[in-house]
């Protein structure tokens, strides 16, 4: 099952690494699961982006980090919006990112967007990184270009890790035990939504009762139950897969372990008010 590619959303060719400028307007077609990572700095304008379950306001000097496998949807974007940044493959991220540990990835997922104050050292460092990213992108004739690209991505994440590591515990300490369990629940949804939609499965994974998981979810959201969050996450996954016009609805039903195509269609219409075919046509025309 193919994932949606950034090549459909940004002016890219196939490859491991790119420097790009984007208005993000093509991201408004619907939720996309990133097959690569994308780090960008907002130069002008404003946007509202749904990153996972978080809603982030993007404005000038906001740096946004989208790790591979992140689900993203641009809800609003102004006409004057412009971002500069670089795209890198999952392989490049895994080379460094996986060695930095779960706390690093969890911190980035909790804080995917950061506003750099004007004239700050962090903004200056980010602009330097972007200049380096663009320069390396333009090094097409060097026999070491792949090595330079990989080393740049690696050095960026090592730099980021060093600057953020003092905040890992701060972020963790800000969460109550219930909140930590809630975020673990969301992580489990990302991992198992294709196969498991039973509240009891997730409660067992968390070593709590379904009733207590319900209490945690209700307290952490606007009165949404675990079942409602499971349905919401599954609908996002279906929408992501519908972006690929070459994938049939039957293939999506098989991939997500629905009993059959008609069951998926009824489920999708119940939660969105339209059929999968109508949704696919809608995003194709947008």
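Nothing in this text is a laboratory measurement; each read-out follows from the coordinates by a stated rule. Here the structure is a predicted model, which is why all the values come from computation and not from measurement. Methodologically, a virtual Cβ is constructed for each residue, glycine included, from the backbone with ideal geometry; neighbour enumeration extends over all protein chains shown.
Results, tabulated for the structure shown:
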| quantity | calculated |
| --- | --- |
| Options 88, 81; residue that is crowded, with 19+ Cβ neighbours inside 10 Å, in contact (Cβ under 8 Å) with a residue 24 or more places away in the chain and more than 15 Å from the chain's Cα centre (by Cα) | 81 |
| Failed item, numbered, when residue 104 is tested on (1) surrounded by 17 or more Cβ atoms within 10 Å (Cβ to Cβ); (2) more than 14 Å from the chain's Cα centre (by Cα); (3) closer than 21 Å to residue 130 by Cα | (3) |
